[in-house]
Amino acid sequence: MSDRPNVVFVSSLAHSGSTLLGLLVNERLGGVGVGELNVFLRGWQADRDAIVQRPCTCGVPSGECPLWSRALAFADAGGARSDADVYAAVQQAVVELAGPGAVMVDISKRPVHLRAAARLAPTTLVLRLTRDVRSWTASEQRRVRARGTGRGGVLRATAPAVALRWYRHNRALDDAAGEIGTAVLPVGYERLVFDTSEVLDAVEAWVWSRLGGPDPVAGGARNHLIGGNRMRYAYLETGQLRYDAGWMRGGPLLSLAAAVAPLHAYNRRMVHDT
Ligand SMILES: [Zn+2]
C-alpha cells in the first residue's frame, strides 16, 4: 500500500471560490483538507514562530494541530529544503493521521504545487474550478481600483483588460494540468453555488471512479486550514452559501468584454456546461 495519500487538487484563479469547493468536496469525500499550502510552505522554516502560532480550523494553533505538528516534524526530520520536500512532509502527515487510503484535498491552486502533488501521490485528480468571467471581472476590477491606480492602473482595471487576464490565466492553468497529465474535471463556480448537490454528486462519482471506491476506513472529513482570512471559512460555521451578484449591475463594457467569441465559448464550456 502506498505511503502517500491520493490528492484531489483544486486548480483555479484566486478569488474563484476554491476555499468553498475544497470544503464541500472534502466533506463529501471524508478526506483531509489542508487548505492553501503556500502559507505553510513559505513560513515553515523562515518564520517558524508565526507558523506554529497560526490558528488552525481544527481549533488549536498549528504547533499543536495533529496535522501541522506532524508535518513540521517530518519536514525537520527529513532535512527538507525545497517546497517539494515540504509538500512531501505534509503528505506523510496526512497518511499518518488518516491512513494510507486517505484523500488529501489541496486547494493551493498553483501549478507548482500541482507538480509536487502529481510527482508523489499515487493518484492526483484536478478539479478545474472557474468562476464566470463577468463575476470574476467585476470583483477583480474592484480590487485593482482599491489597490490604487496610476495611469496604467486605470487601463488595467477596464473590463476588457481584466476579462482578457481571466481568459489567459485560466488557459494557462489548463495547459499546466495538461502538461502534468493528470485527470481533470471542470467545475463551474456558479453551478456549484446554485446546483450544489448535483455538482457535488458528479464530483464524488468522478473521484471514486478513479480511486476505485471510497476509503473503507475513512472517518469524517477533517479540515486543517491555516491560510487566509477566516471569514472565508464562514461556511464551516454557518453552512450557508452566499453569492455576490453585484456584477449583474455591471456596465455595457463588461457585457461586451464577456461576449468576445473565444472568451464567451470558454466561459460557457468551463462554467455553465460542466
Ligand atoms: Zn489542524
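Okay, residues lined up against (1) free of Cβ contacts under 8 Å to residues at least 12 places away in the same chain; (2) surrounded by fewer than 17 Cβ atoms within 10 Å (Cβ to Cβ):
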position: Arg147; (1), (2): yes, yes
position: Gly178; (1), (2): yes, yes
position: Thr196; (1), (2): no, yes
position: Val199; (1), (2): no, no
position: Gly220; (1), (2): no, yes
position: Arg242; (1), (2): yes, yes
position: Gly246; (1), (2): no, yes
Those helices (runs of 4 or more DSSP H) completely within the stretch 179-254 that have 2 or more residues that are closer than 26 Å to Pro66 by Cβ are 196-211, 234-238
Given the residues Pro160, Pro122, Pro186, which is the only one that is surrounded by fewer than 17 Cβ atoms within 10 Å (Cβ to Cβ), touching a helix residue (DSSP H, G or I) at 6+ places or on another chain (Cβ under 8 Å), under 26 Å from Asn26 (Cα atoms) and not polar (S, T, N, Q)?
-> Pro186
Of those in the stretch 27-56 that are surrounded by fewer than 24 Cβ atoms within 10 Å (Cβ to Cβ), under 16 Å from the mean Cα position of the chain (by Cα) and at pLDDT 90 or above, the residue nearest to the ligand (Cβ to nearest atom) is Glu27
Taking Leu127 as the residue in question, decide whether it is touching a residue at least 40 places away in the same chain (Cβ under 8 Å) and farther than 23 Å from Glu190 by Cβ.
-> no
So which of Val103, Val112 is surrounded by fewer than 23 Cβ atoms within 10 Å (Cβ to Cβ), away from the ligand (no atom under 15 Å from the Cβ), closer than 18 Å to Thr182 by Cα and within 15 Å of the chain's Cα centre (by Cα)?
-> Val112
From the set of residues in the stretch 57-73 that are under 15 Å from Val95 (Cα atoms) and surrounded by fewer than 19 Cβ atoms within 10 Å (Cβ to Cβ), which is nearest to the ligand (Cβ to nearest atom)?
-> Pro66
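Okay, residues lined up against (1) of a type in the set (A, V, I, L, M, F, W, C); (2) within 16 Å of the ligand (Cβ to nearest atom); (3) closer than 19 Å to Val133 by Cα:
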site: Arg165; (1), (2), (3): no, no, yes
site: Asp174; (1), (2), (3): no, no, yes
site: Ala177; (1), (2), (3): yes, no, no
site: Ile180; (1), (2), (3): yes, no, no
site: Tyr189; (1), (2), (3): no, no, yes
site: Gly219; (1), (2), (3): no, yes, no
site: Tyr266; (1), (2), (3): no, no, yes
site: Thr274; (1), (2), (3): no, no, yes
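Every residue in the stretch 1-26 that is at pLDDT 90 or above and touching a Gly at 6+ places or on another chain (Cβ under 9 Å), please.
Scanning the stretch 1-26 gives Pro5, Asn6, Val8, Val10, Thr19, Gly22, Leu23, Val25, Asn26.
The values are calculated or read from the model by the stated rules, or taken from the named source; none is laboratory data. It should be emphasised that the depicted structure is a prediction, and the values quoted were computed from it without experimental measurement. Note: ideal-geometry Cβ built from the backbone for every residue, glycine included; neighbour counts use all protein chains shown.
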